[in-house]
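Notes follow once the structure below has been shown.
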Amino acid sequence: MFLHREAARAQAKLRSISGIIRSNEDSLPVEGATVLEKGTQNAVLTDSLGNFLLTTSAVFPIKLLVNALGFERADRMENASGKMIILISATGLITKEYVITAEGIPRQKRELGYSVQEVQGTELAQSREVNLVSALSGKVAGVQVNSSSGAPGASSFIRIRGNSSILYNTQPLFVIDGVPIDNSSQNFRGNPYSELQDVAFSNRAIDINPEDIESMSVLKGSSATALYGSRASSGAILITTKKPKDGKLAVTISSSFSMDEVNKLPALQTQYAQGSQGQYVTSHPDSWGPLISDLRYDEAGTIVSSSNPKATQRNVNPVNNTKQFFRTGYTSSTSLSISGGDVHNSYIFSLSRLGQAGVVPLSDFGRSTARVGMENRLSSRLKASTTVIYINSGGTRLQQGSNLSGVTLGLWRTPPSYDNSNGSKDPVNDPSAYILPNGKQRSYTSGFDNPWFSINKNQLTDDVNRMIGLTSFTYDLNRYMNIIYRIGTDFYSDNRHSFYGLDSRQITSGRVVEDESFFRQTSSDLLLNFRYDSIKNFSLNLLIGNNLNYRTYSNVFSQGDNLSIPDYYNLANASSVKSQSYTEKAALAGLFGDLKIGYRNFLYLDITG
């Protein structure tokens with residue numbers, strides 16, 4: 001009877017303490033946090049909605065300790081039983097798997113009704129790829145990345161889950177901090193005249209410095225891109241740039257250098273000379289001539305048969321034109337970042353410079369970037385954020401592909417008995433390597449350009465100046481609801497100057513082209529964001545808003561033919577000039593909404609429109 005009474009008395013002393021653990025930064029619940037009664041082993045873990053229920057027999061007040069990965073340790077003195085809310089502050093570590101969605105708002109992966117994968121900026125920077133798109137290769141499931149060539153600044157193309165159309169653009173939409181940006185590769189868009197489209201152009205995502213990126217989210221489902229409409233029918237890539245951190249001054253410097261070499265060349269024969277049917281014929285483009293070992297030089301330096309009476313004892317040795325043409329390329333990159341501030345005002349400033357020299361002589365690409373970011377807490381409820389990025393990029397593009405002035409076309413087909421460099425030790429800068437005394441091109445055939453001639457006389461240079469700007473305001477109506485307004489713009493000019501020299505095989509009379517393109521895109525969003533998480537395993541997320549987008553593209557193109565003065569590549573030097581202009585405009589406006597309802601951790605209803 002006595003033991004029965006004591007057990008009942010102990011049972012009567014048990015108390016229940018329930019509550020929810022939330023992040024102090026965004027009021028979101030913290031899953032997996034440990035709530036411990038100090039001085040005991042009595043502890044429980046919070047569920048996915050931050051709820052906990054702790055039973056204790058101790059006398060109030062009771063001290064509770066809260067620990068969570070990535071959050072500062074917190075303690076709480078509880079004076080009475082009942083429900084409570086405990087706020088804990090993040091340490092900067094990733095504690096839950098949140099991703100940036102199409103609305104530009106962080107969401108938990110389990111809440112999403114579509115596939116999304118995130119790549120951290122450190123992974124992109126460590127790849128040391130010049131092109132941001134190339135840096136994604138092998139990092140995201142279902143994403144295919146192809147490079148157009150190995151030339152400096154060449155385009156890279158990305159496809160998410162294969163082609164979504166056989167007629168239209170299948171590239172995903174790129175968005176930086178909620179602002180759509182252009183990622184096109186303009187191959188002389190709007191003009192039908194130029195054969196110089198055979199150089200390797202850049203896709204415009206190459207302008208983005210990977211060192212400035214905090215993370216990238218790849219959205220694969222069509223429902224994920226409801227905000228952006230048909231522009232994102234092939235998916236979307238959302239880029240979040242690095243933000244200023246509260247605290248002390250921080251300075252970061254990074255630098256890298258790499259070298260490139262051609263690791264494999266086509267196997268070419270080195271036994272037979274230029275000619276036909278076993279005869280040495282300089283006017284014949286193929287290598288069906290005699291054995292090179294049966295040839296000699298005469299006193300004038302002309303190649304003749306060993307049986308020729310004028311032949312000397314000086315042998316003709318096969319020339320490895322491909323090996324002597326390519327050089328060692330390199331890529332160098334240096335970035336500087338400075339950040340600082342306090343809880344009210346913070347800033348980040350970065351500078352970067354990238355330089356790339358290709359394995360083909362005279363080919364290069366460069367990119368300079370400056371970025372300024374500021375965050376200001378104007379009041380306890382209102383926060384403002386501004387980011388401005390300036391980029392200058394461009395380089396020297398050389399002929400590729402199967403046109404008559406393509407560098408490798410003439411290089412691969414040169415017979416081993418013909419030295420493209422004419423014995424010069426510096427054929428890049430020595431005109432005698434590719435120009436005859438009469439001013440004509442020196443080439444083994446009239447069908448293809450000497451590669452040394454092509455890199456000097458058939459060039460395209462581009463100069464891109466780009467500005468990306470974003471301003472956003474966030475106003476907290478209460479702990480569950482806020483209003484976000486942001487406006488951003490993406491503007492660039494692309495100036496291209498290209499030419500074919502006199503006696504070029506593609507354009508024998510010479511040509512000069514001036515091509516100027518201008519692109520501007522402005523986008524604004526007004527969002528109402530509501531999020532509610534109860535302690536009874538119920539959550540409700542509601543997002544409604546509108547989007548306005550305006551885009552304009554213009555192109556002015558001039559082509560001059562029949563040049564009079566060699567090496568003077570100006571329209572004034574052409575006897576025939578063609579010009580045209582092209583303009584394209586588009587304006588979009590739309591309303592959108594996104595409703596997510598979750599219950600007991602396993603049921604989520606996602607309605608997007």
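For segment 254-327, what is the accessible area per residue in Å² when the probe is 1.4 Å?
Ligands and nucleic acids excluded, the result is 70 Å² per residue.
Can you tell me the FRET efficiency between LEU548 and LEU45 if r is taken as the Cβ-Cβ distance and R0 is 56 Å, rounded to the nearest 0.05?
Efficiency at R0 = 56 Å is approximately 0.75.
Can you tell me the order of 511-522, 559-570 when each peptide is scored by its average per-residue count of other Cβ atoms within 10 angstrom, highest first?
511-522, 559-570
Using a simple charge model, +1 on the beta-carbon of Lys and Arg, -1 on the beta-carbon of Asp and Glu, nothing else, what dipole does segment 453-520 show about its Cα centre, in debye to the nearest 20?
160
Fully extended, how many nm does the chain gain between ASN345 and ASN429 (0.36 nm per residue separation, minus their Cα-Cα distance)?
24.8 nm
Take THR55 and SER446, extend 7 Å from each Cα along the Cα→Cβ direction, and tell me the distance between the two endpoints in nm.
10.1
How high is the relative contact order of segment 361-436, in percent, with contacts defined as C-alpha pairs under 8 Å that are six or more residues apart?
22
Which entries of LYS310/LYS457; LYS38/LYS248; LYS323/LYS440 have Cα-Cα distances beyond 28 Å here?
From the list (LYS310/LYS457; LYS38/LYS248; LYS323/LYS440), the Cα-Cα distance tops 28 Å for LYS310/LYS457; LYS38/LYS248.
The values are calculated or read from the model by the stated rules, or taken from the named source; none is laboratory data. Bear in mind the structure is a predicted one, so any value in this text is a computation, not a measurement. FYI the Cβ positions are ideal-geometry reconstructions off the backbone, even for glycines, and counts take in every protein chain you see. Each accessible area value is taken on the protein alone, full model and side chains, heavy atoms only, with ligands, DNA and RNA left out. Shrake-Rupley method; radii C 1.70, N 1.55, O 1.52, S 1.80 Å.
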